[in-house]
Each structure stands twice: as C-alpha cells, then as structure tokens.
2 protein chains.
Amino acid sequence: MASSDRTLRAFIGYDMKRALNVVLGDLGIVLAGFGLRMTTYSTLVVIRDNPGLRQTRLAEILMIERPNLVLILDDLEEAELVTRIRAPDDRRAYELTATPKGKRLCEQATAAVNGHDTRMTRGLSDEEVAALHRALRQIELNGRTSDDPSEIPRP
Amino acid sequence: MASSDRTLRAFIGYDMKRALNVVLGDLGIVLAGFGLRMTTYSTLVVIRDNPGLRQTRLAEILMIERPNLVLILDDLEEAELVTRIRAPDDRRAYELTATPKGKRLCEQATAAVNGHDTRMTRGLSDEEVAALHRALRQIELNGRTSDDPSEIPRP
DNA sequence: TATTGTTATACTCTATAACTATA
DNA sequence: TATAGTTATAGAGTATAACAATA
C-alpha cells in the first residue's frame, strides 16, 4: 500500500518536507566530502559573496539567530576558511572575509552542489525548474506576509 | 541589499528550505491550537486513514525511525487520540486505531491545515500548485533512486 | 540607553545501538 | 535466529534570556 499517506500528500508542506529530506540527505553527503555542513556551506558562500559583512547582517540574510551563527563562524574560522577582523569604525563589530583557502573550497564545493542540484531536478525541464523556483519564492513571501495572526483562524 | 544570497538562490534546496521554514512556522501555530505538533498530526492522520496499522509499517510510511515513533505514539495515546491494542495474531505487535476523540480532532485539525495550505499557496493558480506537487514528488523520487553512491561525484 | 557579539541553556527532530518479549 | 516494540543516548538545528564591551 504505497499511498497510505494520501491525505497528507494533498498538503504542499508535506510534499515539500519529503522532497527536502532526500535533497538534504544527498547534499549532506556531498558537502561532507569537503568537511562542510549545510549551515557552514551556506554561511561560507554568503561571506565570500559579501566581503566585510558583519554578523548581525549575515544572520538576517540567512534567517538564523545570531547566537547560532557564532558557533558556525567558530567552525569556519577554526578551519581557516573565514576571518573575523575588528571593524575599524565600530570596535564592537567584526568584518567577515573568506580566506584564499575558503574561496577555493567554496568554489569547489559549489561546483559539486551544482551537480547535486542537477541530479535532484532530473526529469524536470528547465521551464519546470524555473516554475518551481518561482512557486517556492511565492510561498516564502506568503509565509512572511501572513505574520499577521488575525488572518489565521483558530479553533 | 536584498539579494546577498543570490548564489544560494540558484539551488533548489535553498529555496525549498526557506519556503518550508515559513510553512512549518505557520503550520506549527495552527496545530498548536489543537495541542498537536507536525509529527503528532501527520501520525494521527495516517493512523485514522489506516486503522489497525502497526508501528513498523507506520514508521516506513512516514519515513521516520521506529524509536522516534514510539515517543510520538506515547503523546497521542496519553492525549487519548490513539489506542495501542495487542495484535491477536502476533503478540509482539500493536494495532493502532484512532479513538472517536482522535477522529474528531483529526477532522478539525485537517480543516485548519487546509486553510493554512490555501494561505501558503496564495498567488499561485491551481495549475501552478499542481505543477509544484508534481515537481516535488519527482525530486523526492530522484533522491530515493540516486541512493547509488557511484553516481555521486566526490572531490 | 542601544547595539554587537557572546555565553548558557533548552527544546525538537533525528539517528543508532542495544535491550525484551515474542515468533 | 529473526522481528516488534522499546530504552537510552547523542547529534544537529533552532530559539530565548542575559551578559560584556562598545557606541
């Protein structure tokens, strides 16, 4: 009986969670080959793309809490992929930069993640993949803007 | 600078994770109104749809590990939404059934989750939502069948 | 007084090994 | 010996409160 979860399959959240589970499983294997996890990889990419970024802004971009980012950066710094340098204009803050080693690893890992992405979307046309991206971003937007709890019916 | 994560936005896994985060956040609020979490809700639905189901099979359907299911069922049983009854033909196993109270709550919660689902997919046409379901199931399938590690290039 | 980064902590979800009782 | 359910435990991700240094 392969469809015993048919009721749940009607919900977009369930199909998203099932699909994301297998995607993250595969991605985790790929990134482990570079000594990275999902969190450290995405953090490294954003730092490489935005040199001099500070932690509060980085946490906003990645939608994670600042205390959790501290541990991720500790990992990246210990692996010599990222440096924290005191900001000259604000001695409370750090400017984050990818080291040459970090940039190289980021590029190699990104190539592998591109391959992973291609594998995961196999069987879908370019237009279908583009539509998938659009739909997911629309849903993210819907979720952000429905923060008004008055819209949410309660029992 | 709203697109500082543009590199990551090219990956389907990133857009899926961002979208799922907001969906699960909203869904969590909806389900909390019924005293349920995501895990207890989906477990309750599958039990109601498949009376007499046993735990090993249920864990397979939901793709969770059996030890983790035990705690979920403890919750559902303590809330008197589900019963574990010794299988007459195999005294190691339990037959899982939703109580009348469990069926009522399941129906009410499902109505609320339907509303949540509609809110989350707002701005998307019926055809776009259908395409989204199809794409996500294709990706889940791709992930399942690419279990062969020989396909995954390593550094 | 407010902000940056930090520490400590707690809770959920997830994953594995080892146990018991039955088969 | 194999299976169904269970216990114990550990890891990762996530969330909040409170702190020191600086603004």
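The values are calculated or read from the model by the stated rules, or taken from the named source; none is laboratory data. Since the model is a prediction, treat every value here as computed from it, not as a measurement. Using ideal geometry, Cβ is built from the backbone for each residue, glycine included, and neighbour counts are taken over all protein chains shown. These accessible areas exclude ligands, DNA and RNA; they are computed on the full protein's heavy atoms, side chains included. Shrake-Rupley method; radii C 1.70, N 1.55, O 1.52, S 1.80 Å.
Per-structure values
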quantity: One residue from A:142, A:114 being in contact with a Gly (Cβ under 7 Å, 6 or more places away or on another chain) and without any contact (Cβ under 8 Å) to a residue 12 or more places away in the chain; calculated: A:142
quantity: Residue in the range B:98-107 that is more than 16 Å from DNA strand C (Cβ to nearest atom), facing chain A (nearest Cβ under 9 Å) and either in contact with a Pro (Cβ under 8 Å, 6 or more places away or on another chain) or not in a helix (DSSP H, G or I) (or both) present; calculated: no
quantity: So residue B:59, is it under 24 Å from residue A:19 (Cβ atoms), modelled with pLDDT of 95 or more and in contact with a helix residue (DSSP H, G or I) (Cβ under 6 Å, 6 or more places away or on another chain); calculated: yes
quantity: Helices (runs of 4 or more DSSP H) enclosed by the range B:1-91 - at least 3 residues per element that are touching a Lys or Arg at 6+ places or on another chain (Cβ under 7 Å); calculated: B:12-32, B:55-62
quantity: Condition broken by residue B:124, with the remaining ones in (1) within 15 Å of DNA strand D (Cβ to nearest atom); (2) outside any helix (DSSP H, G or I); (3) open to solvent by less than 50 Å² (accessible area, probe 1.4 Å) satisfied; calculated: (1)
quantity: Conditions (1) within 27 Å of residue A:113 (Cβ to Cβ); (2) more than 16 Å from DNA strand C (Cβ to nearest atom); (3) at pLDDT 95 or above; (4) open to solvent by 60 Å² or more (accessible area, probe 1.4 Å): number failed by residue B:111; calculated: (1)
quantity: Scan of the range A:1-21 for residues that are within 16 Å of DNA strand D (Cβ to nearest atom) and at pLDDT 95 or above, ordered by number; calculated: A:13, A:16, A:17, A:20, A:21
quantity: Of all residues making up the range A:43-83, the number that are facing another protein chain (nearest Cβ under 10 Å), more than 15 Å from DNA strand C (Cβ to nearest atom) and open to solvent by less than 20 Å² (accessible area, probe 1.4 Å); calculated: 1
quantity: Qualifying position, being surrounded by fewer than 16 Cβ atoms within 10 Å (Cβ to Cβ) and at pLDDT below 95, among A:86, A:144, A:92; calculated: A:144
quantity: Enumeration of residues in the range B:7-16 that are surrounded by fewer than 21 Cβ atoms within 10 Å (Cβ to Cβ) and facing chain A (nearest Cβ under 7 Å); calculated: B:7, B:15
quantity: Pick from the range B:23-42, criterion near DNA strand D (Cβ under 10 Å from one of its atoms) and facing chain A (nearest Cβ under 10 Å), ranking: farthest from residue B:89 (Cα to Cα); calculated: B:25
